[in-house]
């Protein structure tokens, strides 16, 4: 990893992992990212059984704003860190970095299935990944980790900021009329408003925006093919 103190080997116990999160938090930067300067966007996701050490990781790179798949890569590895909510990045980041290293077309921004600043220590996987790669990144979670928001209007595009301990940590966004929102939070090298503008341009007919939807499909396909011993395409 690029950040001081973040290079492998990773912490092997929760206490050291929490301490490292506190240290890395100081390096986060929330700088503007003009959507017009984004030409490639990537979705990143992992699939695993929390009772198994095997991790299936994938990244899908898409053109932006056309959202056509440009490249995709996967990796299968074994997690060295236990399944602990709030510390999942230590379990998942090594596999995602392995995939990142395979990409020929590096994206201008990465959306991760998870959280960034909307985390108890403001260091979710999107922040961790952004620091490790020096690539603008943000989280698009399917459920809340921390934070509360006011009621959203039912229409697609409605959003409300989420607060935790008196601080804005993210936003709940309705990506499709009448469906449950997703939860957006800045990770690194992007602001929350820019993350919201970019992800709204990635919303099609599904609840999950296209970058993380395609990454989710990819890693689930990889896990099933691996279980059935089918060579991945």
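Observations, loosely collected:
- Take the conditions (1) surrounded by 18 or more Cβ atoms within 10 Å (Cβ to Cβ); (2) touching a helix residue (DSSP H, G or I) at 6+ places or on another chain (Cβ under 7 Å); (3) at pLDDT below 95; (4) more than 17 Å from residue 188 (Cβ to Cβ); residue 84 misses just one of them, which is (1).
- With respect to the stated conditions, residue 183 fails to be surrounded by fewer than 19 Cβ atoms within 10 Å (Cβ to Cβ), farther than 19 Å from residue 64 by Cβ and touching a strand residue (DSSP E or B) at 6+ places or on another chain (Cβ under 8 Å).
- Within region 1-28, residues that are surrounded by fewer than 11 Cβ atoms within 10 Å (Cβ to Cβ) sit with their Cβ atoms under 6 Å from residues that are in a loop (DSSP other than H, G, I, E, B) and modelled with pLDDT under 95, at 6+ positions apart or across chains, in these pairs: 7/1.
- Here is the figure for region 64-87: residues that are more than 16 Å from residue 137 (Cα to Cα) and in contact with a strand residue (DSSP E or B) (Cβ under 9 Å, 6 or more places away or on another chain) total 14.
- Test: residue in region 124-135 that is more than 21 Å from residue 18 (Cα to Cα), surrounded by fewer than 17 Cβ atoms within 10 Å (Cβ to Cβ) and in contact with a strand residue (DSSP E or B) (Cβ under 7 Å, 6 or more places away or on another chain): no
- Candidate set: region 48-69, residues that are within 15 Å of residue 97 (Cα to Cα) and in contact with a helix residue (DSSP H, G or I) (Cβ under 6 Å, 6 or more places away or on another chain); chosen: the one surrounded by the fewest Cβ atoms within 10 Å (Cβ to Cβ): 55
- Among (1) in contact (Cβ under 8 Å) with a residue 24 or more places away in the chain; (2) within 22 Å of residue 27 (Cα to Cα), the one test that residue 193 misses: (1)
- Looking across region 105-123, just one residue is over 23 Å from residue 193 (Cβ atoms) and touching a strand residue (DSSP E or B) at 6+ places or on another chain (Cβ under 6 Å), and that is 105.
Yes/no matrix, rows are residues, columns are (1) crowded, with 23+ Cβ neighbours inside 10 Å; (2) more than 13 Å from the chain's Cα centre (by Cα); (3) within 23 Å of residue 32 (Cβ to Cβ):
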position: 108; (1), (2), (3): no, yes, yes
position: 114; (1), (2), (3): yes, no, yes
position: 159; (1), (2), (3): no, yes, yes
position: 171; (1), (2), (3): yes, yes, yes
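- Flag: residue 99 does not match the condition of being under 21 Å from residue 195 (Cα atoms) and in contact with a strand residue (DSSP E or B) (Cβ under 7 Å, 6 or more places away or on another chain).
- Selection status of residue 103, farther than 23 Å from residue 183 by Cα and in contact (Cβ under 8 Å) with a residue 40 or more places away in the chain: yes
The values are calculated or read from the model by the stated rules, or taken from the named source; none is laboratory data. Just so you know, these numbers come straight off a predicted model, no measurement behind them. Please note: Cβ atoms are built from the backbone with ideal geometry, for glycine as well, and neighbour counts cover all protein chains shown.
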